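Comments concern the structure below.
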Amino acid sequence: MNMQKLEKYNFKNKILTLFSLLLVLFFSSCEDVVTLDLETGETKLVIDAEIIWQKGTTGNEQTIKISKTAPYYNNTTPKVSGAQVKIENTNGDVFTFNETVPGSYVCTNFVPVVGMDYTLSVVAEGQSFTAVEKLTSVTPIDKVEQAIVPDFGGEDVIELTFYYKDPADEVNFYLTDYQSDFLLFPDYELTDDELVNGNEISTRFSDEDKMKPGSVVEITHRGVSKNFYNYMNLILEVYGGSPFSVPPGNIRGNIVNTTDSNNFAFGYFRLCEADKVSYVVK
């Protein structure tokens, strides 16, 4: 069946563009080193709250990470310790996340239920934050196929295609990521079923430079809400542009500061069922 492939962004483009620009700056002068004066902006809390329920698991162990924004040239991300983190479902069940290492909060008894609403509550640095989201289902990956295809320059490259059956009785949105040792960052891809509702969907991935026989590609395929789909679409558009464009953190998610609405946190609370395949390139 035809594939509806809406957005695909490669984070390597950002890095390569930045690297090329820096080379020009450094080698244009034999003596002077140029450092760009980038605005640091106001420090904000970043709440990375993805509840991901991989098919075939209980989904009981989940992790939420809390950090702060940092200046562009910082090599480390400031972690936020001492926060109180919990999630409550519509049945009134409360799941507490305890800090295991600085900035990382883990729950070991989470109960994921497709279609149920969950409320995130975070108290950090004297501020209270909350968000509400529904756990979204995903259909499993049926198969992965490999082929040799020509790229834009006419050179033969390895291409992977995975297939899944889209449900006919609902509107669906998907986020897929590809991870491998040859990728500096994951490749992300957004898909919806507007033109292929109820049909088999095929999604393709290739890397003309580094994917070789023996490479292992981890494919994680999620079902996501429409609102998170729209949020990620904006995030990936920013990453696909200039490396000096507005940081993606300036795009607001669904996390609200109930103490001070102007002091919002970056990030998006989302709950996704996912299917994962580890494919060894032949």
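Derivation of every value follows stated rules applied to the coordinates shown; laboratory data play no part. In this text the structure is predicted, and so the values were computed from the model without any measurement. Methodologically, a virtual Cβ is constructed for each residue, glycine included, from the backbone with ideal geometry; neighbour enumeration extends over all protein chains shown.
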Can you give the FRET efficiency to the nearest 0.05 for Glu194 and Asp48, using r as the Cβ-Cβ distance and R₀ = 25 Å? 0.30
For the range 115-169, report the % of Cα-Cα distances exceeding 15 Å. 72
If you rank Thr63, Thr76 by fewest surrounding Cβ atoms within 10 Å, what's the result? Thr76, Thr63
What ranking do Ile201, Ile148, Ile251 get, fewest neighbouring Cβ atoms within 10 angstrom at the top? Ile148, Ile251, Ile201
Would you compute, for the Cα atoms of the range 89-149, the largest minus smallest coordinate along each principal axis and list the three values in descending order, in whole Å? 56, 31, 21
Residue among Thr77, Thr119, Ser137 farthest towards the positive dipole end of the range 76-137, charges placed on Cβ: Thr77
Rounded to the nearest 20 debye, what is the charge dipole size of the range 84-159 about its Cα centre when +1 sits on each Lys and Arg Cβ and -1 on each Asp and Glu Cβ? 500
Just grab the label-to-label distance for Asn250 and Thr90, each label 7 Å out from Cα along the Cβ direction, in nm (one decimal). 3.8
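Contour minus end-to-end for Tyr163 and Ala147, with contour as 0.36 nm per residue of separation and end-to-end as the Cα-Cα distance? Can you show the working numbers first?
Working: separation 16, 0.36 × 16 = 5.76 nm, distance 1.40 nm.
Separation in residues times 0.36 nm, less the Cα-Cα distance, equals 4.4 nm.
Stretched out fully, how many nm does the piece from Thr259 to Lys55 gain, at 0.36 nm a residue minus the Cα gap?
Working: separation 204, 0.36 × 204 = 73.44 nm, distance 3.70 nm.
Length gained, Thr259 through Lys55: 69.7 nm.
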Using alpha-carbon pairs under 8 Å, 6+ residues apart, how would you state the relative contact order of the range 48-194 in percent? 15
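Under the 0.36 nm per residue contour assumption, what length would be gained going from the current alpha-carbon distance of Glu208 and Val123 to full extension?
Length difference between fully extended and current span is 26.1 nm.
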Mean separation of Cα contacts under 8 Å (6+ apart) over length of the range 123-282, as relative contact order %: 32
